[in-house]
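FYI, it's all coordinate maths here, none of it is from the lab. What you are looking at is a predicted structure, and each value in this text was computed from that prediction instead of being measured. No Cβ is skipped: glycine too gets one built from the backbone with ideal geometry, and neighbour counts run over all protein chains shown.
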């Protein structure tokens, strides 16, 4: 508590000191102002102000201002008069010039008394020029239209030329493709690869067919396949003619009877089938014979049955389709197909 009291005393002493300084500064300012006031009062006494004299001076100033205004107005009027004088001189000079011009024009009018005729001629020439101008303008318009049409045609022609070049390229490509396809078609046609394959296969077909045909005809019939035919006009033509040799000599296929033709067909089909199976890398598993036996006589029918028995070991199954009872009885297993109103039915009959 004693410490707080000492601090407060110190603060109060500082405040008192600051206030003394402020009083000293203010006292000094007061003395300065008092001296200035005394000086101003002394100066006012020395001036000795007179109100009447002040008023007289103001009146004199008003009179002087009025005289100055009058002088300015007089000077302005003199300036305006000088300007008007100069203006009148210019007008007189211009009037003199206009008079000279009028005299000159009158002289020119006198000289050109036939101006109306010349004017008519000028107007006529102007009309002719205007007519020619219109004609030229129309011609120019026509030429511009033709120019535009020609430019359009030129652009179209360039486009057509480009299209023609493109089409020629396409035609060349198509022509080349056609040539290629023609070569391929020729190669794949009857006179191409097929003919080559058939020609290579003919000896084997002949061998396979003759082997079967020999068994069917007791070695009395043999076929020959010709791949070329001589032409009357010279040269040769690729073909596929079958010639058959029997006890009557060498004859064409068309000269054989139905039973004989059936035996030849039967042997050919087996021979070709064996060839195709061999080419495919397999063996024939099943042989189907559909009808055709009605054209055989009893001996031929028996020969076919005998040869079917002979070749049955070459196949897993031999299936014969026939309506002949004597044929049905030759097989241990029969499939009887009957057509009914409700549909077809199959009955299997196995003979002991």
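If N is the number of residues in the stretch 249-352, what value comes out of its Cα radius of gyration divided by 2.2 N^0.38 Å? Provide the component values of the computation, followed by the final result.
Numbers: Rg = 16.1 Å, N = 104, 2.2 N^0.38 = 12.8 Å.
For the stretch 249-352, the normalised Cα radius of gyration comes out at 1.25.
At 7 Å along the Cα-to-beta-carbon direction for both residue 94 and residue 141, put a label point, then send me their distance in nm to one decimal.
Taking the two extended label points, one gets 5.0 nm.
Between residue 312 and residue 254, what FRET efficiency comes out of the Förster formula 1/(1 + (r/R0)^6) with R0 = 30 Å and r the beta carbon distance, rounded to 0.05?
0.45
Could you compute the FRET efficiency for residue 338 and residue 298, with r as their C-beta to C-beta distance and R0 at 41 Å, rounded to 0.05?
After rounding, the FRET efficiency stands at 0.90.
Quick check: pseudo-label points 7 Å beyond the Cα along Cα→Cβ at residue 265 and residue 161, how many nm apart are they?
6.9 nm
On average over all directions, what projected area in square nanometres does the stretch 117-180 have, based on the convex hull of its Cα atoms?
That works out to 4.8 nm², a quarter of the Cα hull's surface.
Taking the simple approach of a point 7 Å from Cα along Cα-to-Cβ for both residue 181 and residue 152, what is their distance in nm?
Modelled inter-label distance: 3.9 nm.
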